[in-house]
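In what follows, a structure is listed as structure tokens, so that the remarks can point back to it.
The values are calculated or read from the model by the stated rules, or taken from the named source; none is laboratory data. Since the model is a prediction, treat every value here as computed from it, not as a measurement. Glycine gets a Cβ as well: all are built from the backbone with ideal geometry, and neighbour counts include every protein chain shown. Please note that ligands, DNA and RNA were not included when accessible areas were found on the heavy atoms of the full protein model with its side chains. Shrake-Rupley method; radii C 1.70, N 1.55, O 1.52, S 1.80 Å.
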Amino acid sequence: MNPFKQMCLDDAGKTNILQGNIAFALGCVRAGIHSVDGYPGTPSTEVLDKGLSNARDLIDANWSVNEAVSAGVGHGHTLAGYDCVVTMKIPGLFQAADVVTSASQFTNKRGALIYYLASDFTPNSTQHVIDPRYLLKSCFVPVFEPRNHQEMHEAALVAVKIARDYNTSVFILASGTLCHSEGLISLMDKESRKPVEMGDLRQYNCLPNLARPSYNNIQSERMPKLLEMVEASDLNKWIRGSGKKGIITHGVNTLFAEEVKALFDNDIDILSLGFTNPLPIKLIKKFCDSITGDIFVIEDGHRFIQSACLEAGLFVKGKNVHSDITEWTPALIADLMGYPIETTTLTTAPVPRPPLICAGCPYALFAEVVSKLKRRGALEAIFGDIGCNSLLYFLQALDTGVAMGASESKRTGYVASKPDAACRCISVIGDSTECHSGMDATRNAIYRNSPGVKVVLDNEWTAMTGGQNSPASPENFHGQANKFDMVASLKGEGAPVVVVDGYDRKAIRSALKDALKQATKGIFTILVVKGVCIRRVPKTDFGQQVIVDKQTCKACATCNICSGLDMDENNMPAWNNLCSGCVSKNPACLQMCPTGSIRVAQKEDLPKKEKLSYTLEEAPQTLELPAINPDILPERLSLAIRGVGGQGNLFFGKVLAQMAFLAGYGQENIVKGETHGMAQMGGPVVSTFGCGKVFSPQLTPGSADCLIVMEKSEVLRPGFLTSLKPGGKILSADTKMVPQGLARDAYPSDDSIKEALQEFDVIPVDILQIALKLGDASGRSANVVMLGALSALDQFNRIPKEIWLQALKNVSPKPAIWNMNYAAFNAGIELV
């Protein structure tokens, strides 16, 4: 039985460390929710993808083609009398707004309709930071904002009870920080409920003669009762201080405020609101009356709570009218309240790291063809969409991007205003987004006889969010063969459809030029570029290697179009450990070479494997864990990890969380944050970890015992060094990853990095080299080497080695991986 399903069935009270999305998914099953529907959207995706997909026999769960359809499906479940949760990110709410707003106005009994809305107010993976609470307020629906991972776990139960008791839709507004961080939870009781006995479905209609009475009922019945409920709710938390200063906050900001209170001023009072709509104004007034000094409003998004307080005549401080703060951190809160924050100023700038498509991505050659046409003036505009195709912006192969499915609409409008541009512009969209809402624009262009070219990049999966199923995938959410044929559907719309191989540069270039030529004749052409997402390609397709003939290579760097390839000191190609060999297809770099100097390596071309520097001893299959005296454990441990997307920060954090749990920190608290950039390959990422007397998944300046640097230049990111406490140590890998397209001399020199760190206690560790010497050609065990080094540091070495190893084995139990990880961990210990 898989671990998620086991947790669904376990007895209440058992503790686990779970990602917020997984905690919520688990809570849906244990709360007796009948169905969960959704559309993939970071940071909400894991609820279905990593959670409920593992318990299909316990709950009805599925993807829909877009958020509006999903909301409609959810509404349909409730009309059958069953409870349904609909998952999405904030932009998805606006895509589904017609259904959401209309369905919110029904006041008759039905199954519970619950929306799980994941926010991203940084943003990390979202196109805007618009606060949805203003829309939700106008719908007169309750908005519950979980403040920690336990409340994420219990949120579905909270919502289903409110939905049924008050005959209303309910919104769970979950912070992206909680969605993608991990924390300690205790399994809730398992519950079930019978379906609602439904009456005449004719009353669930939005005809005007029915809409008006419903609205009147909302004002006279629903809202007064909801106001009474939120005022008395035990989901409001008053964390007492001395009454000298106060914070009014909500959601995950409560954890940040508690961190500030613990580290700076225990006299602070905190009022943490469980609901942000409707607001418990009477409780807020009571809180304000009890505080003799300043009262600060700390909230994500805009000034929703702050404005309500000011309208109620309460004098509170917070964001300025035009503040650009949309998401708080402990450091920002401390600064607002006047507590001293030490900062580190560096003269050496960090490396720009735009997120990139994966090495070997089937989009790479299309991007090269299009960027060249743009440079030559053959294309004046490239209208992009949302998804992996949006990363082509960083390859100069895409100009605009605004919303899911909108690329062709933009092109149609542009050409309507500039008819002569029809043959000099294209729209670009991914296959899953074409199925989401792009087909409407396709149909619109054909209906309007709008000449031009639409390109559908078909990698068969919803790749940007991790490779979920879509109508264009070979199988659906339940593993059944997919009957939908996207290409046939496009042909059925009435336009010529041309299909080309994403790994055939000449075919892409020829087809695109022909389609642009057809536009001059008034023809609209759809070009489908096919190539399976490399994250969904069988492992057997990897392993192809490429080599260069240095005698004929002109060192022109024309081949440098992929993150799997670097240029050496002589400007010749050198393939790195990210290279996928274009998954046994015709390598993109080979097709780019003007002299034919690059070719696929044959067995005789490859050097003999170097003799291993370390002997991989057989790892023990069982570990005897020693008894731990809690008195010797550090009261608090925290650290931050900086690296580049794809280096394994997520794995690193999972092992740390397991280690802390095994060491007994589950009696206090364990938090792990992966909140920045995780959806994007090759971009800068940061992870945090804390156990013991900790609150927040984001670190307060001066609180980290150790900083770990997985790529040497990432230590220069603003604010990173500031988080280290006095006397803390920095473990810095010697790994160097030069971003694709960056000149070698633009990368900070070792001397400049060393100078920036001269006042810090830095321990350099060449973890990648050790991983390679262990025989790990992928270098993936480098993060395990770093874990070994970390375990040998002061404070961290109070936790027995066996505990670290058991945590490592729990995360990666497969024998071959365990043997490699065991050797890598021990090699790391030897470094320190």
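Points to keep in mind about this one:
- The residue that is farthest from the chain's Cα centre (by Cα), counting only those in segment 236-247 that are open to solvent by less than 30 Å² (accessible area, probe 1.4 Å) and at negative phi, is 246.
- Strands (runs of 3 or more DSSP E) completely within segment 425-538 that count 2 or more residues being in contact with a Pro (Cβ under 7 Å, 6 or more places away or on another chain): 524-530
- Some residue of segment 573-588 being touching a residue at least 24 places away in the same chain (Cβ under 8 Å), touching an Asp or Glu at 6+ places or on another chain (Cβ under 7 Å), under 23 Å from residue 531 (Cα atoms) and not in a loop (DSSP other than H, G, I, E, B): yes
- Meets criteria (under 27 Å from the mean Cα position of the chain (by Cα), among the small types (Gly, Ala, Ser) and under 30 Å from residue 736 (Cα atoms)) for residue 367: yes
Residues checked against (1) part of a helix (DSSP H, G or I); (2) open to solvent by less than 20 Å² (accessible area, probe 1.4 Å); (3) of a type in the set (D, E, K, R); (4) on the phi > 0 side of the Ramachandran plot:
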position: 272; (1), (2), (3), (4): no, yes, no, no
position: 282; (1), (2), (3), (4): yes, no, yes, no
position: 285; (1), (2), (3), (4): yes, no, yes, no
position: 289; (1), (2), (3), (4): yes, no, yes, no
position: 292; (1), (2), (3), (4): no, no, no, no
position: 296; (1), (2), (3), (4): no, yes, no, no
position: 300; (1), (2), (3), (4): no, yes, yes, no
position: 305; (1), (2), (3), (4): yes, yes, no, no
position: 313; (1), (2), (3), (4): no, no, no, yes
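- Scanning segment 175-226 for residues that are open to solvent by less than 20 Å² (accessible area, probe 1.4 Å), of a type outside the set (Ser, Thr, Tyr) and part of a loop (DSSP other than H, G, I, E, B) gives 187, 188.
- Candidates 589, 582: the one that is within 28 Å of the chain's Cα centre (by Cα) and either closer than 15 Å to residue 779 by Cβ or open to solvent by less than 20 Å² (accessible area, probe 1.4 Å) (or both) is 582.
- On the stretch given as segment 495-517, residues that are of a type outside the set (A, V, I, L, M), over 19 Å from residue 591 (Cβ atoms) and open to solvent by less than 60 Å² (accessible area, probe 1.4 Å) total 0.
- Listed by first and then second residue, the pairs linking a residue in segment 422-445 that is free of Cβ contacts under 8 Å to residues at least 12 places away in the same chain and of a type outside the set (Phe, Trp, Tyr) to a residue that is open to solvent by less than 10 Å² (accessible area, probe 1.4 Å) and not in a helix (DSSP H, G or I), with Cβ atoms under 9 Å apart and 6 or more places separating them unless they lie on different chains, form an empty list.
- Matching residues in segment 109-128 - criterion: being at pLDDT 95 or above and either open to solvent by less than 50 Å² (accessible area, probe 1.4 Å) or acidic (Asp, Glu) (or both): 110, 111, 112, 113, 114, 115, 116, 117, 118, 119
- 1 or more residues surrounded by fewer than 21 Cβ atoms within 10 Å (Cβ to Cβ) and in contact (Cβ under 8 Å) with a residue 40 or more places away in the chain: qualifying helices (runs of 4 or more DSSP H) within segment 679-794: 750-756, 767-773
- Any chance residue 394 is part of a helix (DSSP H, G or I), open to solvent by less than 50 Å² (accessible area, probe 1.4 Å), within 30 Å of residue 647 (Cβ to Cβ) and not aliphatic (A, V, I, L, M): no
- Of the strands (runs of 3 or more DSSP E) lying entirely inside segment 1-83, those carrying at least 3 residues that are open to solvent by less than 10 Å² (accessible area, probe 1.4 Å) are 35-38.
- Residue match in segment 541-551 (condition: at negative phi, assigned to a strand (DSSP E or B), without any contact (Cβ under 8 Å) to a residue 24 or more places away in the chain and among the hydrophobic types (A, V, I, L, M, F, W, C)): no
- The set of residues from segment 248-257 being part of a helix (DSSP H, G or I) and open to solvent by less than 10 Å² (accessible area, probe 1.4 Å) comprises 253, 254, 256, 257.
- Residues in segment 258-270 that are assigned to a helix (DSSP H, G or I) and over 15 Å from residue 341 (Cβ atoms) were compared, and the one that is modelled with the lowest pLDDT is 262.
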